[in-house]
Amino acid sequence: MRSAFVGLAVLGLVLTGCSGDPEPPSPDPTSAAPVEPAWNPCSSLDADAVIKRLGAAYSVRRGTPDEPTCIFVPQADGDPAVTVNYQTIASSLTELLKTFGQTEQPGRTSVTTPRVPGASDARLIVDVSNDTLAITGFVRNGLLVQTVDAIDPAPFDRTALTKDVTSLMADLAAGAADSGLTR
């Protein structure tokens, strides 16, 4: 069965890959035409407010203009790691979730449709397995679908982290128009 938490797997790879690895060399500026920088989902978030909301010490990785990232890396073991990403998708969130295979598993994984101010649609997937809480939130504004992935080892506070992810989804929906990607 394919997991509903593809984004969380990517989060693990990103966090592992960003742990002190040197930056790749810059491309030769004469080899290609300039490319407009990609939009960074961190730009619609107040990083200090997010860190305060999460209640721990974090560093924020924003990547580069050509390869933006938005990762809140906990400074202490045991605190939740959070990443924000996006895609432009023409299909509905219902259709998108169907591509993950079975997502709901009683007693382990739930899928809800929270009301997120400013969003045309949203989904929240909460999964508890192997003493780990994994939450993925999807928030849609037009073609733009932003995701929030949070992973927290035991002991975790499911209610608090679910509230934090839902609040981040609202922040992302509020800043979606600035992306230029909603149409």
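Scanning the stretch 92-101 for residues that are in a loop (DSSP other than H, G, I, E, B) and surrounded by 12 or more Cβ atoms within 10 Å (Cβ to Cβ) returns S92, F100.
Can you find a residue in the stretch 44-66 that is more than 29 Å from A154 (Cα to Cα) and touching a residue at least 60 places away in the same chain (Cβ under 8 Å)? There is at least one residue in the stretch 44-66 that is more than 29 Å from A154 (Cα to Cα) and touching a residue at least 60 places away in the same chain (Cβ under 8 Å). The conditions of being of a type in the set (A, V, I, L, M, F, W, C), in contact (Cβ under 8 Å) with a residue 60 or more places away in the chain and in a strand (DSSP E or B) are not met by V73.
Taking the stated definitions as given, is I51 open to solvent by less than 40 Å² (accessible area, probe 1.4 Å) and assigned to a helix (DSSP H, G or I)?
Answer is yes for this residue.
Residues that are touching a Pro at 6+ places or on another chain (Cβ under 7 Å) and either open to solvent by 40 Å² or more (accessible area, probe 1.4 Å) or at pLDDT below 90 (or both) within the stretch 58-77 comprise R62, P65, D66, listed in sequence order. Could you give me the residue pairs with C-beta distances under 8 Å whose first residue belongs to the stretch 158-172 and is within 9 Å of V148 (Cα to Cα), whose second residue is open to solvent by 40 Å² or more (accessible area, probe 1.4 Å) and part of a helix (DSSP H, G or I) wherever it lies, and which are 6+ apart or on separate chains? Close Cβ pairs satisfying both conditions: L168/R53. The set of residues in the stretch 162-183 that are open to solvent by less than 10 Å² (accessible area, probe 1.4 Å) and in contact with a Pro (Cβ under 6 Å, 6 or more places away or on another chain) is empty. Whether any residue in the stretch 132-147 is part of a loop (DSSP other than H, G, I, E, B) and either within 20 Å of R183 (Cβ to Cβ) or in contact (Cβ under 8 Å) with a residue 60 or more places away in the chain (or both) is what I want to check. Yes: the stretch 132-147 contains one or more residues that are part of a loop (DSSP other than H, G, I, E, B) and either within 20 Å of R183 (Cβ to Cβ) or in contact (Cβ under 8 Å) with a residue 60 or more places away in the chain (or both).
Just to be sure before I move on: is R140 basic (K, R), within 15 Å of the chain's Cα centre (by Cα) and crowded, with 20+ Cβ neighbours inside 10 Å in the structure I sent? When the stated conditions are applied, R140 passes them.
Looking only at residues that are part of a loop (DSSP other than H, G, I, E, B) and in contact (Cβ under 8 Å) with a residue 60 or more places away in the chain in the stretch 78-89, which one is nearest to A134 (Cα to Cα)? Filtering first and then ranking leaves P80. Looking only at the stretch 111-131, residues that are of a type in the set (S, T, N, Q), within 18 Å of the chain's Cα centre (by Cα) and part of a strand (DSSP E or B) come to 1 in all.
The values are calculated or read from the model by the stated rules, or taken from the named source; none is laboratory data. What you see is a predicted model; the values in this text were computed from it and never measured. Cβ atoms come from the backbone with ideal geometry, glycine included; neighbour counts cover every protein chain shown. Remember, those area values only see protein heavy atoms, side chains included, never the ligands or the DNA or RNA. Shrake-Rupley method; radii C 1.70, N 1.55, O 1.52, S 1.80 Å.
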